[in-house]
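Read the figures in this text as sums done on the coordinates, not as results from a lab. Values in this document were obtained by computation on a predicted structure and should not be read as measured data. Neighbour counts are summed over all protein chains in view; Cβ atoms, including those assigned to glycine, are modelled from backbone coordinates with ideal geometry.
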Amino acid sequence: MKARAWLFVTPWIVGLCVFTLYPFAASLYYSFTDYSVLKPATPAGLANYTELAGDPIFRRALGNTVMYSLLALVPGILVALGLAKALNTKVTGTSFYRSAIYIPHLVPTVASSILWMWMLNADTGLLNALLRPVLDVIGWRAPSFLQDERFLGLDFQNKEVIFGALPSLALMSLWGCGQMAIIYLAKLQDVPQDLYEAAELDGAGAWAVFWNIELPQLSPMILFNIVMGIIGTFQIFAEPYILTGGTGGPNYATYLVPMFIYQHAFEYQRMGYACAAAWILFGLIALLTLVAFRIGQRRVYYAGE
């Protein structure tokens with residue numbers, strides 16, 4: 001019986017070793033070498049990591065990645081919570097609204113990126129077509145979105161709304177927050193009804209119910225979405241690559257670490273250098289995930305504990 005069991009498990013074990021464990025170990029090895037793919041790897045010690053520490057472009061990419069993660073993750077969680085609360089109400093057409101909110105998550109990355117490339121176009125885009133009639137009345141210029149390397153704000157001297165390329169990229173990420181909303185909705189519908197009844201007897205308002213009953217019940221799902229969001233936002237590649245034509249512009253405003261790794265590995269043929277950058281990114285993701293779990297040990301409520 002044991003031999004038969006191993007026979008069924010063997011294909012998975014082989015796949016894990018060949019396609020996951022070996023690349024994982026090989027990338028660690030190559031991060032300590034000078035490797036161009038076209039020539040055999042030669043030992044380089046900590047040279048790649050030392051060079052990365054002094055590389056201003058890598059530091060810029062790392063800062064952009066951290067900022068993008070904050071801009072995409074925090075609003076995404078808040079918007080998803082709001083959508084879940086709205087979807088949890090008993091109104092006509094609830095099934096349609098739930099499907100409509102989740103469908104954008106299913107749209108292929110390339111298709112959604114091309115769609116947002118049009119929406120964020122400074123001259124003919126949908127967003128500026130909606131903003132210009134309002135801004136023209138007060139004599140202000142519409143934002144340039146992907147063409148602006150600045151961040152966020154209002155330029156009173158030139159009467160211009162500033163909404164830069166990196167916040168525009170984070171705005172696009174809200175397009176797919178329906179998945180988080182559905183996860184929150186599933187948990188909201190699992191909240192024990194006796195808790196709502198007790199709150200009603202105590203005269204608790206809507207905000208008190210949300211803060212003292214629903215939010216603690218949702219906390220495991222919030223932690224899950226935070227961890228998955230950290231992993232996902234730190235590895236984003238296709239969207240900024242497509243929206244900026246692979247440049248990370250303007251002036252490296254949307255140049256993120258995954259794009260840095262891709263360019264050095266496949267365009268500059270510096271695979272060892274790219275592997276070192278990938279391991280730094282992996283270490284940062286692991287550290288932030290650990291911090292999230294440590295905070296979750298004190299803040300997350302698990303039923304039955």
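With R₀ fixed at 41 Å, the C-beta to C-beta distance from residue 13 to residue 266 puts the FRET efficiency at about 0.85.
In this structure the amide hydrogen of residue 44, modeled in the peptide plane, comes within under 5 Å of the amide hydrogens of 33, 34, none closer than 5 places in sequence on its chain. Shown here for the range 136-204: trypsin sites (Lys or Arg not before Pro) in loop regions (DSSP other than H, G, I, E, B) with at most 12 other Cβ atoms within 10 Å, namely 159. The orientation-averaged projected area of the convex hull spanned by the Cα atoms of the chain comes to 24.2 nm².
Return the ratio Rg/(2.2 N^0.38 Å) for the range 60-173, where Rg is computed over Cα atoms only. Mind dumping the intermediate values first?
Details: Rg = 16.7 Å, N = 114, 2.2 N^0.38 = 13.3 Å.
Cα-based Rg divided by the globular estimate yields 1.25.
Distant-in-sequence amide contacts of residue 160, defined by a placed amide H-H separation under 5 Å and a gap of 5 or more residues or a different chain, comprise 141, 155.
Using Cβ point charges alone (K and R +1, D and E -1), the dipole size of the chain about the Cα centre works out to roughly 560 debye. Taking only the alpha carbons of the range 251-295, we obtain Rg and Dmax values of 13.0, 40 Å in that order. Considering every alpha-carbon pair of the range 1-62, the percent of pairs per 10 Å bin, from zero through the bin containing the longest distance, is 18, 28, 26, 15, 11, 3.
Which order results if 241, 184 are arranged by neighbouring Cβ count within 10 Å, fewest first? Spell out each step's value before the answer.
Numbers: 241 20, 184 24.
Final ranking by Cβ density, sparse to dense: 241, 184.
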